[in-house]
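The structure appears below as structure tokens.
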Amino acid sequence: MDLIRVADALNAELIWGPDDWEQIQIETVFASDLMSDVLMSDRDNMLLITSLSTEQAVRSASIVGSEALMIANSKTVTAGMIELAKDQDIALFVTRFPKYESCVRLGRILEP
């Protein structure tokens, strides 16, 4: 599904995104605050959802090739996170929903 549809489903605020972020395709979602678990993932066209509002979350998303990073629970995004997202060309969002509710919402629209 298009990333814009994901953002709409989570009432997410775009913090930074590449010029064509709306057309980025998301096929899988990975939700975790344990970046060691994230680093073990091997998925294509992935959205990473986390409550971890640190530069490490952006770095981990970049390492696994995530297309976008969603920060849950309305956590504050730092200037360093934004700069890293720009450098790594990763769309960065914030949603007010917790990880679990975000996953449930996305699960509903990802089902065929």
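Given the condition out of contact with any helix residue (DSSP H, G or I) (no Cβ under 8 Å at 6 or more places or on another chain), at pLDDT 95 or above, exposed (fewer than 15 other Cβ atoms within 10 Å of the Cβ) and on the phi < 0 side of the Ramachandran plot, answer yes or no: does some residue in the range 21-37 qualify?
Checked against the condition, which is being out of contact with any helix residue (DSSP H, G or I) (no Cβ under 8 Å at 6 or more places or on another chain), at pLDDT 95 or above, exposed (fewer than 15 other Cβ atoms within 10 Å of the Cβ) and on the phi < 0 side of the Ramachandran plot, the range 21-37 yields no hits at all.
Report yes if Arg43 is of a type in the set (Lys, Arg) and either within 20 Å of Arg96 (Cβ to Cβ) or surrounded by 17 or more Cβ atoms within 10 Å (Cβ to Cβ) (or both), otherwise no.
no
Please pick out the residue among Ser74, Ser66, Ser53 that is more than 12 Å from Val6 (Cα to Cα), small (Gly, Ala, Ser) and at pLDDT below 95.
Within the list Ser74, Ser66, Ser53, the selection yields Ser66.
Are there any pairs, at least 6 apart or on different chains, whose C-beta atoms fall under 6 Å, with the first in the range 41-65 and more than 17 Å from Thr76 (Cα to Cα) and the second β-branched (Val, Ile, Thr) and assigned to a strand (DSSP E or B), and if so, which?
Close Cβ pairs satisfying both conditions: Arg43/Thr28; Met46/Thr28; Leu47/Val29.
The values are calculated or read from the model by the stated rules, or taken from the named source; none is laboratory data. Given the structure is predicted, the values throughout are model-derived calculations rather than measurements. Methodologically, a virtual Cβ is constructed for each residue, glycine included, from the backbone with ideal geometry; neighbour enumeration extends over all protein chains shown.
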